[in-house]
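Structure record follows, encoded as structure tokens.
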Ligand code: UDP
Ligand code: MG
């Protein structure tokens, strides 16, 4: 009898954990050279951090031409491609991996539309930018692309598995 009860509890716990796992996402974010040059690192990280999404990886790096070409491969044929590679490799950046439920949608909402002129007030690009070629921040547009982009900039062992003590105050 006791044994049966334990199994049911285990199944319930497993199901609950599975629900959480399904919505858990990893997002790749990069503070671009203009954000670093303008001294906005802290301000922009704060906007992402205060949501409760968890930073699990972070690095200050100058993007190489090879990294940039991999990252922006999808835009290779676009007229802005050469300038985009030049821009992203022009000064240091801050690369981050952010984890949490709906991390991609929440981060992209905070980042705002690609052109700062279209980006809503309250978004990073809406509040800090004017030019599409200087739009401060990158965030992957899907879980699959995030995985690919994380692979360009991070080794798996550089991503930290940790539990914020405030986690129960952000997710039920
Ligand atoms: N970009 C640009 N001119 C354009 C479109 C895009 O310089 O007309 C740059 C801009 O830095 C943008 C990046 O290319 O963030 C990637 O473009 P994408 O359409 O993927 O926008 P995002 O996902 O960054 O909003
Ligand atoms: Mg994009």
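Out of the residues in segment 101-140 that are assigned to a loop (DSSP other than H, G, I, E, B), in contact with a helix residue (DSSP H, G or I) (Cβ under 7 Å, 6 or more places away or on another chain) and farther than 14 Å from residue 44 by Cβ, state the one that is farthest from ligand 2 (Cβ to nearest atom).
Taking segment 101-140 first, the residues assigned to a loop (DSSP other than H, G, I, E, B) are 102, 112-123, 129-131, 135-136, 140.
Then drop every residue that is not in contact with a helix residue (DSSP H, G or I) (Cβ under 7 Å, 6 or more places away or on another chain), which leaves 102, 112-116, 119-121, 123, 135-136, 140.
Cutting the leftovers down to farther than 14 Å from residue 44 by Cβ gives us 102, 113-115, 120-121, 140.
Numbers: 102: 18, 113: 11, 114: 7, 115: 12, 120: 17, 121: 21, 140: 7 Å.
Of everything passing the filter in segment 101-140, 121 is farthest from ligand 2 (Cβ to nearest atom).
The residues of segment 70-84 that are away from ligand 2 (no atom under 15 Å from the Cβ) and either in a helix (DSSP H, G or I) or in contact with a helix residue (DSSP H, G or I) (Cβ under 6 Å, 6 or more places away or on another chain) (or both), listed by number, are 82, 83.
Of all the listed residues (107, 43, 64, 114), the sole one being over 20 Å from residue 23 (Cα atoms) and within 15 Å of ligand 1 (Cβ to nearest atom) is 114. For residue 172, state whether it is at pLDDT below 95 and over 19 Å from the mean Cα position of the chain (by Cα). Yes; evaluated as a whole, the condition is true for this residue.
The values are calculated or read from the model by the stated rules, or taken from the named source; none is laboratory data. Fair warning: this is a prediction, and the values are worked out from it, not measured in the lab. Glycine also receives a Cβ, built like all others from the backbone with ideal geometry; neighbour counts cover every protein chain displayed.
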